[in-house]
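See below for the structure under consideration.
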Amino acid sequence: MEQSRKLIAKVDGQQIQISRLTDKVMEQSNIIDRLQEKAFDLGRLERHLGREQVQLIVERSKALEQAERAKKRQKRAFEMIR
């Protein structure tokens, strides 16, 4: 009887774990779908603007983001000194 209760508890725990993992798989699947759509959008842009133009835009955007991060770091460091 005790062994039966332990097995039932173990099965219940595994069902909870399966449910959690199923939710995680569904979430990952949704993320993959969104990333695939973004990849298709990027392909559309490359066909319309040209691969080099898109790459240039991306590189400029990355450089601007990096400069903004560096500026924020400098500002925080200056504020900490004061």
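Normalised Debye scattering of the chain at q = 0.21 Å⁻¹ gives log10 I(q)/I(0) of -0.97, counting only Cα atoms as equal scatterers and leaving out solvent. For Lys38, the lysines whose Cα comes closer than 24 Å to its Cα, not counting residues fewer than 8 places off in the same chain, are Lys24, Lys62.
Residue-wise HN-Hα couplings along the range 17-24, as the Karplus relation 6.51 cos²θ - 1.76 cosθ + 1.60 with θ = phi - 60° gives them from phi, are 5, 4, 4, 4, 5, 4, 4, 5 Hz; Gly and Pro carry x. For the chain, the longest principal axis of the alpha carbon atoms and the long axis of helix 51-81 meet at an angle near 80°.
Over the chain, DSSP H runs of length four or greater, each weighted -39,500 (n - 2.57), average out per residue to a 222 nm ellipticity of -35500 deg cm²/dmol.
Values quoted throughout were computed directly from the atomic coordinates according to the rules given, and no laboratory measurement underlies them. Remember, predicted model here, so these are calculated numbers, not experimental data.
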